[in-house]
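Enquirer: Take this structure, written in structure tokens, and hold onto it; I'll ask about it next.
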Amino acid sequence: MPMDPAVLFFFEKDPAALLLYEAFERAVRELVPDVGIKVQKTQITCTNPKVFAAVSLRPARRKAERPEHFITVTLGLNQRLDSPRVDAAVEPYPARWTHHLTVSSAEEIDGELMEWVAEAAAFSASKR
């Protein structure tokens, strides 16, 4: 499938991050076949039909602690994840947690991360 020109433009300043995004999008499409992908100014959202995940280049870590090339994956869940992989978690509404994770290698797009993505997709699909 050819790459969306909007995605190429989104990552034009960091092509190494584009490779991470491509791996993440492939994994999400395998997990959620009917996923919608929407490129926005500051993030790329994954929907089913509501947003369950987003990818951005906004850092969730302080500069000294962040890798040179990365994507930030944001997930919405009904509970707080207790993992050192989570850089930040907030509860904007009761039982609705937003988690930010820094992904700096394709190896980090693993079973654990994709399990959380599946949980986020199921949680989003259950909301009215």
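The values are calculated or read from the model by the stated rules, or taken from the named source; none is laboratory data. Model, not experiment: these values are computed from the prediction. Heads up, the Cβs are rebuilt from the backbone with ideal geometry, glycines too, and the neighbour counts pull from every protein chain shown. Please note that ligands, DNA and RNA were not included when accessible areas were found on the heavy atoms of the full protein model with its side chains. Shrake-Rupley method; radii C 1.70, N 1.55, O 1.52, S 1.80 Å.
Enquirer: Semi-axes of the equivalent ellipsoid of the chain: what are they in whole Å, largest first, if each equals the square root of 5 times a C-alpha gyration tensor eigenvalue?
Expert: After diagonalising the Cα gyration tensor, the semi-axes are 21, 18, 13 Å.
Enquirer: While we're here: Go through the stretch 107-119 residue by residue and turn each phi into a ³J(HN,Hα) via Karplus (6.51, -1.76, 1.60, θ = phi - 60°); whole Hz please, and just put x for glycine and proline.
Expert: With coefficients 6.51, -1.76 and 1.60, one gets 5, 6, 8, 10, x, 5, 4, 5, 5, 5, 4, 4, 4 Hz.
Enquirer: For Gln79, which sequence-distant residues (separation of 5 or more, or a different chain) have an amide H within less than 5 Å of its own amide H, given hydrogens modelled in the peptide plane?
Expert: Trp97
Enquirer: Rank Lys50, Lys127 by accessible area, highest first, at a 1.4 Å probe radius?
Expert: The ordering from most to least exposed comes out as Lys50, Lys127.
Enquirer: Once phi is turned into ³J(HN,Hα) by the Karplus curve 6.51 cos²θ - 1.76 cosθ + 1.60 with θ = phi - 60°, what whole-Hz value does each residue of the stretch 80-93 show in order, with x for glycine and proline?
Expert: 7, 7, 9, 8, x, 6, 7, 7, 7, 9, 9, 10, x, 9
Enquirer: Accessible area per residue of the stretch 1-44 at 1.4 Å probe, in Å²? Display every interim value, and only then the final one.
Expert: Working: 2890 Å² over 44 residues.
Ligands and nucleic acids excluded, the result is 66 Å² per residue.
Enquirer: Where in the stretch 1-46 are there trypsin sites (Lys or Arg not before Pro) that are in a DSSP coil and have at most 15 other Cβ atoms within 10 angstrom of their Cβ?
Expert: Passing sites in the stretch 1-46 are Lys13, Lys41.
Enquirer: Of all accessible surface on the chain at a 1.4 Å probe, what whole percent is carbon and sulfur?
Expert: For the chain, the apolar C and S fraction of the accessible surface comes to 53 percent.
Enquirer: Just to confirm the filter: which trypsin sites (Lys or Arg not before Pro) across the stretch 59-120 are DSSP coil and have at most 11 other Cβ within 10 angstrom of their Cβ?
Expert: In loop regions of the stretch 59-120 (DSSP not H, G, I, E or B), the sparsely surrounded trypsin sites (Lys or Arg not before Pro) are Arg62.
Enquirer: 5 Å is the cut-off here: which amide hydrogens, built 1.01 Å from N in the peptide plane, fall below it relative to Asp87, excluding neighbours closer than 5 in sequence?
Expert: Amide H neighbours of Asp87: His100, Leu101, Thr102.
Enquirer: Can I ask one more? Tell me the net charge near Glu91. Cut-off is 14 Å between Cβ atoms, Glu91 excluded, with +1 for each Lys or Arg and -1 for each Asp or Glu. Walk me through the intermediate numbers first.
Expert: On the way: positive: Arg80, Arg96; negative: Asp82.
Within the 14 Å Cβ shell, the charges total +1.
Enquirer: Oh, and also: Run lengths n ≥ 4 of DSSP H only: what is the helix-derived mean residue ellipticity at 222 nm for the chain, with -39500 (n - 2.57) per run over all residues, to the nearest 500?
Expert: Computed ellipticity for the chain at 222 nm equals -9500 deg cm²/dmol.
Enquirer: Another question, then. Using Cα-Cα distances under 8 Å and only pairs 6 or more residues apart, what relative contact order does the chain have, in percent?
Expert: The normalised contact order for the chain reaches 24 percent.
Enquirer: Please quote Rg/Rh for the stretch 13-86 to two decimal places, taking the Kirkwood radius as Rh and restricting both calculations to Cα atoms.
Expert: 0.96
Enquirer: Taking GluC sites (Glu not before Pro) that fall in a DSSP loop and have at most 10 other Cβ atoms within 10 Å as cut points, what is the longest piece of the chain between them?
Expert: Numbers: sites that count: Glu12, Glu68.
The longest such stretch corresponds to 69-128.
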